[in-house]
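Colleague: Okay, here's the structure, questions in a sec.
Nothing in this text is a laboratory measurement; each read-out follows from the coordinates by a stated rule. These numbers were taken from a predicted model, which means no experiment stands behind them. FYI the Cβ positions are ideal-geometry reconstructions off the backbone, even for glycines, and counts take in every protein chain you see.
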Amino acid sequence: MARSNKPMVWSLFAAGGTVAAFVMPVLMLLTIMAGYGQLTDSLGYEGMKSFASGWMGKLFLLVVIVTCLWHAAHRARTALHGLGLRADKAVAVIGYGIASLGSLLAVFYLLRI
């Protein structure tokens, strides 16, 4: 039986879908409310910055960003296939390459906080 990398890609897609469905709306709402000054000081800009500068905050943000990037890459690949674009290898290399680059950039910028 030939080895395949599909389980790894599929697991990142599934994790990203779960994070995108449950965590991202809450993060977006908190960010919008913080921008308008509707939150307490602990959830304001300084509170969010102090959360993101701790190792647990960095790990949380990294998981959210990376899984959402991989979910989007796989979703775009399947959508383009459904639209009739049959260059699957090229689409996979470009899509997953962008997700990989975004993941590396997320690590780089989170370490700078």
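Colleague: Pairing the Cα long axis of helix 24-35 with the longest principal axis of the chain, what angle in degrees results, from 0 to 90 and rounded to the nearest 10?
Modeller: 30
Colleague: Would you list PHE60, PHE22 from fewest to most Cβ contacts within 10 Å?
Modeller: So the ranking, lowest neighbour count to highest, is PHE22, PHE60.
Colleague: If one takes the longest principal axis of the Cα atoms in the chain, at what angle in degrees, from 0 to 90 and to the nearest 10, does the Cα axis of helix 88-112 lie?
Modeller: Relative to the chain, helix 88-112 is tipped by roughly 20 degrees.
Colleague: Next question, about the same structure. Tell me, what are the semi-axes, in whole angstrom and largest first, of the equivalent ellipsoid of the chain as set by the roots of 5 times the Cα gyration tensor eigenvalues?
Modeller: 32, 16, 12
Colleague: For segment 5-51, what is the convex hull (Cα atoms) projected area averaged across all directions, in square nanometres?
Modeller: Convex hull of Cα atoms, orientation-averaged projection: 4.0 nm².
Colleague: Over the chain, what is the relative contact order in percent, taking alpha-carbon pairs closer than 8 angstrom and at least six residues apart?
Modeller: In percent, rounded to a whole number, it is 33.
Colleague: Taking LYS49 as the anchor, which lysines have their alpha carbon closer than 25 Å to its alpha carbon, excluding any fewer than eight residues away along the same chain?
Modeller: LYS58
Colleague: Taking the Cα centre of the chain as the origin, how large is its charge dipole in debye, to the nearest 20, when only Lys and Arg (+1) and Asp and Glu (-1) carry charge on their Cβ atoms?
Modeller: Dipole about the Cα centre, nearest 20: 520 debye.
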